[in-house]
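The values are calculated or read from the model by the stated rules, or taken from the named source; none is laboratory data. For clarity, every value in this text was computed on a predicted model and none was experimentally measured. As a convention, Cβ positions derive from the backbone with ideal geometry for all residues, glycine included, and neighbour counts pool all protein chains shown.
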């Protein structure tokens, strides 16, 4: 890191002329890259010489200065091969970051060569079609609806201290927590060893050492340079203790870590998350460590989440902020009427929000009971308003400080590091808006709304559905059976196919997302189509292949004369054959999955994927037991 480098350009700080002068003062910045985010959350990156940007800066700000091939990004069914032109429109309302190539030094300045990354919108046929646009336009719609709703209602229960006529703006605040795994290259660890370390909590918040510590500290310092205001970095629950290698330095690193930084407005928060991932990867790579942001990189041990904190405040004409979720009496109520409406809207509509949170095989691998990852559509408020509670087993929990109303927010625990935060956050707020409208329009008191949220499944609700429970102060993993969880909180999807079916099963809830036409139906359809394309491609070309390799590693190790070992091996062998070996009598499970996908019989393929996962878990446990008896 260097004091002389320019790390970011704050939003709205410079005029075009001042920006030109600033960049000329930093000749190490050689390129400009317009960063659009497709519907899968991928960011574009190109290298435009800085002189072209400076020459045509006015044209860049007018849009259309840069074109891209829409067929090369994930805009499934929108930008097609015969209509692929996509324009990139600069976003001047957020921070711009400089991405430095620390492996390439500018000969004139002696500094690393930099690329100015400018967040942008993607425009196709005159309409915005990217993830950043979905968020921007959705928030604009929600803001207008909230302001109009509050002004029409006048006084709202729990917000009696707020005069709607004084509202100047609605502020959407978001904060994300980034978890990730790091390891030395080609390092592999036994699942049993990792699981034991996790259960005994030997790694959680332990002291980082060696290059892992150096990389963590460098990443945190770099986040500060880029204005992200880091708050904490620590080791998470997963991992092993590193050992000294032959060179005298720590080797055999397999650790899970987390870094948090300060919340900000929703769009900037999503942009910050993207930049944080880049900085974290570079810091650890420089120290000889690999980073993965996969939700479940190692089956059988803790996955990586990205808990997303969501808030909403009114900025008054005086400049004062009023948290719309916080009640006037923090010790008498959990939430205001707006706060209750928000959490009810999120939960009621979650079947159509979930596809945007968990759109990959990897994400659904994480959402299994027993690893603190949420599997139930349920919230927790706490046992009393005066005593805040943090139930870590639910989907979305209330976070509050009785002495600081501005801290009141919801922590949505389902997202993972590869969740498309732009679209997921847009879906959160659109779902919340639906509940807020119901709560405020009904004129219910905060106590009546708490009763609605806490109702028994058999009770009718004015908004929430009969047959479902929405609040629990219990440990949903330990205090309910799997059957009870499915009955009370709905059965969670096990595959991407099942998750995307929510769009067909709940058209009225889809209408909540498309209301206002901010999140257009064509974009939802494009997201779903892209997710399903990736699901079936990965299932056939990657997951089955990886499972085949695992099966091939299960080899006989015993003396055939040993009856106990021979009996155990025969069970292993039979399961291996069922999974992967075709015979004249029957096709293997893997072959049948491939056929189902080829025939577009996706429901069958989905069911067989569930069976395959269960059989692979069974095989790994069976082979592990077999190996234990080999001496």
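Suppose the filter is within 22 Å of the chain's Cα centre (by Cα), surrounded by fewer than 21 Cβ atoms within 10 Å (Cβ to Cβ) and under 30 Å from residue 276 (Cβ atoms); does residue 407 pass it?
Working: within 22 Å of the chain's Cα centre (by Cα): yes; surrounded by fewer than 21 Cβ atoms within 10 Å (Cβ to Cβ): yes; under 30 Å from residue 276 (Cβ atoms): yes.
Considered against the rule, which asks whether it is within 22 Å of the chain's Cα centre (by Cα), surrounded by fewer than 21 Cβ atoms within 10 Å (Cβ to Cβ) and under 30 Å from residue 276 (Cβ atoms), residue 407 comes out as yes.
Take the conditions closer than 27 Å to residue 172 by Cβ and assigned to a loop (DSSP other than H, G, I, E, B) and apply them to residue 477. Does it pass? Outline the logic, then answer.
Numbers: closer than 27 Å to residue 172 by Cβ: no; assigned to a loop (DSSP other than H, G, I, E, B): yes.
In short, no.
Can you tell me how many residues within segment 5-32 are at pLDDT below 95 and within 19 Å of residue 282 (Cβ to Cβ)?
0
Restricting to segment 336-354, give me the number of residues that are assigned to a loop (DSSP other than H, G, I, E, B) and either touching a strand residue (DSSP E or B) at 6+ places or on another chain (Cβ under 9 Å) or more than 28 Å from residue 42 (Cβ to Cβ) (or both). Write out each step before concluding.
Start the filter on segment 336-354 by keeping residues that are assigned to a loop (DSSP other than H, G, I, E, B), which leaves 336, 349.
If we keep only those that are either touching a strand residue (DSSP E or B) at 6+ places or on another chain (Cβ under 9 Å) or more than 28 Å from residue 42 (Cβ to Cβ) (or both) too, we end up with 336.
Number satisfying all stated conditions: 1.
Only one of (1) more than 25 Å from residue 272 (Cα to Cα); (2) surrounded by 14 or more Cβ atoms within 10 Å (Cβ to Cβ) fails for residue 122. Which number is that?
It is condition (1) that residue 122 fails.
Residues 86, 94, 74: which one is crowded, with 18+ Cβ neighbours inside 10 Å, part of a loop (DSSP other than H, G, I, E, B), within 29 Å of the chain's Cα centre (by Cα) and at pLDDT below 95? Explain how you work it out, then say what you get.
Working: 86 fails: part of a loop (DSSP other than H, G, I, E, B); 94 fails: at pLDDT below 95.
Criteria check complete, one pass: 74.
Quick test for you: out of 149, 116, pick the one residue that is in a strand (DSSP E or B) and either more than 26 Å from the chain's Cα centre (by Cα) or at pLDDT 90 or above (or both).
Details: 149 fails: in a strand (DSSP E or B).
Every option except 116 fails the conditions.
Looking only at residues in segment 6-42 that are closer than 14 Å to residue 116 by Cα and without any contact (Cβ under 8 Å) to a residue 40 or more places away in the chain, which one is surrounded by the fewest Cβ atoms within 10 Å (Cβ to Cβ)? If you could, list the steps in order and put the result at the bottom.
Filtering segment 6-42 down to residues closer than 14 Å to residue 116 by Cα leaves 6-11, 19-20, 22-36.
Right, trim to without any contact (Cβ under 8 Å) to a residue 40 or more places away in the chain and you get 19-20, 22, 24-25.
Working: 19: 19, 20: 15, 22: 14, 24: 11, 25: 9.
Only one residue tops the list, namely 25.
Does segment 411-462 hold any residues that are over 26 Å from the mean Cα position of the chain (by Cα), within 22 Å of residue 382 (Cα to Cα) and not in a helix (DSSP H, G or I), and which are they?
Filtering segment 411-462 for residues over 26 Å from the mean Cα position of the chain (by Cα) gives 437-452, 454-462.
Of the ones still in play, those that are also within 22 Å of residue 382 (Cα to Cα) are 439, 444-452, 454-457, 459, 461.
444, 445, 454, 455, 456, 457, 459, 461 - these are the residues of segment 411-462 that are over 26 Å from the mean Cα position of the chain (by Cα), within 22 Å of residue 382 (Cα to Cα) and not in a helix (DSSP H, G or I).
Residues checked against (1) assigned to a helix (DSSP H, G or I); (2) in contact (Cβ under 8 Å) with a residue 24 or more places away in the chain; (3) buried (at least 24 other Cβ atoms within 10 Å of the Cβ):
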residue: 280; (1), (2), (3): yes, yes, yes
residue: 295; (1), (2), (3): no, yes, yes
residue: 311; (1), (2), (3): no, yes, no
residue: 315; (1), (2), (3): no, yes, no
residue: 318; (1), (2), (3): no, yes, no
residue: 322; (1), (2), (3): no, yes, no
residue: 330; (1), (2), (3): no, yes, no
residue: 356; (1), (2), (3): yes, yes, yes
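Scan segment 190-228 for residues that are assigned to a loop (DSSP other than H, G, I, E, B) and modelled with pLDDT of 95 or more and jot them down. Outline the logic, then answer.
Restricting attention to segment 190-228, the residues satisfying the condition of being assigned to a loop (DSSP other than H, G, I, E, B) are 190, 200-209, 226-228.
Answer for segment 190-228, where residues must be assigned to a loop (DSSP other than H, G, I, E, B) and modelled with pLDDT of 95 or more: 226, 227, 228.
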